[in-house]
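> One structure follows; several queries about it will come next.
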């Protein structure tokens, strides 16, 4: 089972137990996060597409670590003018592990089995 989910303004294809590096999210290592902007769910050849999101679908994840990406060097130069500018940037990142992908129907099944 996989899902297309929006995390921190970007769309990612995720599966259960997958490690994913995304833009910095709030929370400490070990915190649990839930993402409810699920755009598509695919399972064994069947697809469910949201309009724009699937109501009741949730992707849960845990924060594993925070870090920074590789340095990106920005270099500007103008010929024959003596103008040289060099800057760098490192993006703040968060590593998360996807725990589960659940739809509304799966939530209802889990609730009925817990009651019995």
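Bear in mind that the values in this text are calculations on the coordinates, not laboratory data. Note that the coordinates shown come from a computational prediction; the quantities given were computed from them, not determined experimentally. We place every Cβ from the backbone using ideal geometry, glycine too, and count neighbours over all the protein chains shown.
> Looking at this structure, is residue 3 part of a loop (DSSP other than H, G, I, E, B), touching a strand residue (DSSP E or B) at 6+ places or on another chain (Cβ under 7 Å) and surrounded by 11 or more Cβ atoms within 10 Å (Cβ to Cβ)?
no
> Which of the residues spanning segment 79-105 are part of a strand (DSSP E or B) and under 30 Å from residue 49 (Cα atoms)? Working first, answer last.
At the first step, the residues of segment 79-105 found to be part of a strand (DSSP E or B) are 83-89, 92-102.
Of everything in segment 79-105, those that are part of a strand (DSSP E or B) and under 30 Å from residue 49 (Cα atoms) turn out to be 93, 94, 95, 96, 97, 98, 99, 100, 101, 102.
> Shifting gears a bit: When residue 57 is evaluated against the numbered criteria (1) under 14 Å from residue 100 (Cβ atoms); (2) under 13 Å from the mean Cα position of the chain (by Cα), which criterion, by number, is the only one it fails?
Unmet for residue 57, out of (1) under 14 Å from residue 100 (Cβ atoms); (2) under 13 Å from the mean Cα position of the chain (by Cα): (2).
> Would you pick out the residues in segment 36-46 that are assigned to a strand (DSSP E or B) and more than 10 Å from residue 1 (Cα to Cα)? Give the steps one after another, and end with the answer.
Narrowing segment 36-46 to residues assigned to a strand (DSSP E or B): 38-43, 46.
If the condition is that a residue be assigned to a strand (DSSP E or B) and more than 10 Å from residue 1 (Cα to Cα), then 38, 39, 40 are the ones that fit.
> Identify the residue in segment 31-46 that is surrounded by 14 or more Cβ atoms within 10 Å (Cβ to Cβ) and within 27 Å of residue 90 (Cα to Cα) and, among all such residues, is nearest to the chain's Cα centre (by Cα).
Within segment 31-46, the match that is nearest to the chain's Cα centre (by Cα) is 35.
To keep it simple, each residue is scored yes or no on (1) surrounded by 12 or more Cβ atoms within 10 Å (Cβ to Cβ); (2) over 15 Å from residue 103 (Cβ atoms); (3) within 10 Å of the chain's Cα centre (by Cα); (4) touching a residue at least 40 places away in the same chain (Cβ under 8 Å).
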{"site": "17", "(1), (2), (3), (4)": "no, yes, no, yes"}
{"site": "20", "(1), (2), (3), (4)": "yes, yes, yes, yes"}
{"site": "26", "(1), (2), (3), (4)": "no, yes, no, no"}
{"site": "29", "(1), (2), (3), (4)": "no, yes, no, no"}
{"site": "48", "(1), (2), (3), (4)": "yes, no, no, yes"}
{"site": "52", "(1), (2), (3), (4)": "no, yes, no, no"}
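> Within segment 79-108, track down each residue that is out of contact with any strand residue (DSSP E or B) (no Cβ under 8 Å at 6 or more places or on another chain) and more than 21 Å from residue 33 (Cα to Cα).
The answer is 79, 80, 81, 82.
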